Number of protein chains: 2
Amino acid sequence: MKDVTAILEHIRFDAAGLVPVIAQQHDTGEVLMMAWMNREAIAKTLETGQMHFWSRSRAALWRKGEESGQTQALVELHIDCDGDTLLAKVSQKGVACHTGRRHCFFNRIINGKVEVTEAQLVPPERLYGD
Amino acid sequence: MKDVTAILEHIRFDAAGLVPVIAQQHDTGEVLMMAWMNREAIAKTLETGQMHFWSRSRAALWRKGEESGQTQALVELHIDCDGDTLLAKVSQKGVACHTGRRHCFFNRIINGKVEVTEAQLVPPERLYGD
């Protein structure tokens, strides 16, 4: 695996060894999703050019799109001023959200209510099978 | 204070009662910073239209720009698909980063090294005094 020691020194991981990562479509600026990386996910992402995350619910490393085919290629990786958040500019294939929407932030607060503002582009069962 | 009970029910706070919030400039799409909100910060933000956060290091509520003058007005507030991340589209006055840069993600990983890719627009001592 790629030696990313020098990069990891710039990152302040939380007590669980994780750092939040914002994935943004590189050309449109659309914020697609937020997920978490551990050291291995960062190394795998830099090695392969494909976004890898740590799933907190499944306690496992995953490659974005490994089941759904909706992969995310890394374009640029940025670290914030105090080292505790990453911003990945990516090229998203298809839809980023497991609900079949382009991005995950489709619930908008309008006049004190939460409204869905984005259409499903793909039925979720087409993404993950039965 | 504004009753935001119906909105808070859509949000999954972590064990510390916090949720991460991505602040994005509403018109350019630039990701400015990531910070944390608790229930009170969300209520204050919706009530005043000015971004409020919870400082984990100071264990205190703060209004963005209260010291520096670099305020952030809320334009739209979004909740992600599983309710554990917020996206705030904002109008940033001046610079979002305490280092005097427009945004916080100015450290970019290039060829295995971390490089600063953004200029300081304001000297930090002008933002916070001596």
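Observations on the structure shown:
- Residues of the stretch B:89-130 that are of a type in the set (A, V, I, L, M, F, W, C), assigned to a loop (DSSP other than H, G, I, E, B) and under 19 Å from A:L87 (Cβ atoms): B:V95, B:A96, B:C97, B:C104, B:F105, B:F106, B:A119, B:L121.
- Scan of the stretch A:102-117 for residues that are in contact with a strand residue (DSSP E or B) (Cβ under 9 Å, 6 or more places away or on another chain) and either within 11 Å of another protein chain (Cβ to nearest Cβ) or surrounded by fewer than 19 Cβ atoms within 10 Å (Cβ to Cβ) (or both), ordered by number: A:H103, A:C104, A:F105, A:F106, A:N107, A:R108, A:I109, A:I110, A:V114, A:E115, A:V116, A:T117
- When B:I79, B:I22 are checked against the criterion of being under 10 Å from the mean Cα position of the chain (by Cα), closer than 22 Å to A:W36 by Cα and either at the interface with another protein chain (Cβ under 8 Å from one of its Cβ atoms) or of a type in the set (D, E) (or both), B:I22 stands alone in meeting it.
- Taking each residue of the stretch B:5-29 that is over 20 Å from A:S57 (Cα atoms) and looking for partners that are at pLDDT 95 or above and part of a helix (DSSP H, G or I) with beta-carbon atoms closer than 8 Å, six or more apart or interchain, yields B:I7/B:I42; B:I7/B:L46; B:L8/B:R39; B:L8/B:I42.
- B:A96 surrounded by 13 or more Cβ atoms within 10 Å (Cβ to Cβ), out of contact with any helix residue (DSSP H, G or I) (no Cβ under 9 Å at 6 or more places or on another chain) and within 16 Å of B:I22 (Cα to Cα): yes
- A single member of A:K93, A:K89, A:K44, A:K64 is modelled with pLDDT of 95 or more and closer than 21 Å to B:M33 by Cβ, and it is A:K89.
- B:A35 within 10 Å of chain A (Cβ to nearest Cβ), in contact with a strand residue (DSSP E or B) (Cβ under 8 Å, 6 or more places away or on another chain), among the small types (G, A, S) and buried (at least 16 other Cβ atoms within 10 Å of the Cβ): yes
- Condition met for B:L61 (within 30 Å of A:I42 (Cβ to Cβ) and either within 11 Å of chain A (Cβ to nearest Cβ) or surrounded by fewer than 16 Cβ atoms within 10 Å (Cβ to Cβ) (or both)): no
- Of the residues screened, B:A16 is not one that is within 14 Å of chain A (Cβ to nearest Cβ), among the small types (G, A, S), crowded, with 16+ Cβ neighbours inside 10 Å and out of contact with any helix residue (DSSP H, G or I) (no Cβ under 8 Å at 6 or more places or on another chain).
The values are calculated or read from the model by the stated rules, or taken from the named source; none is laboratory data. Note that the structure is a prediction, hence the values are computed from the model and not measured. Glycine also receives a Cβ, built like all others from the backbone with ideal geometry; neighbour counts cover every protein chain displayed.
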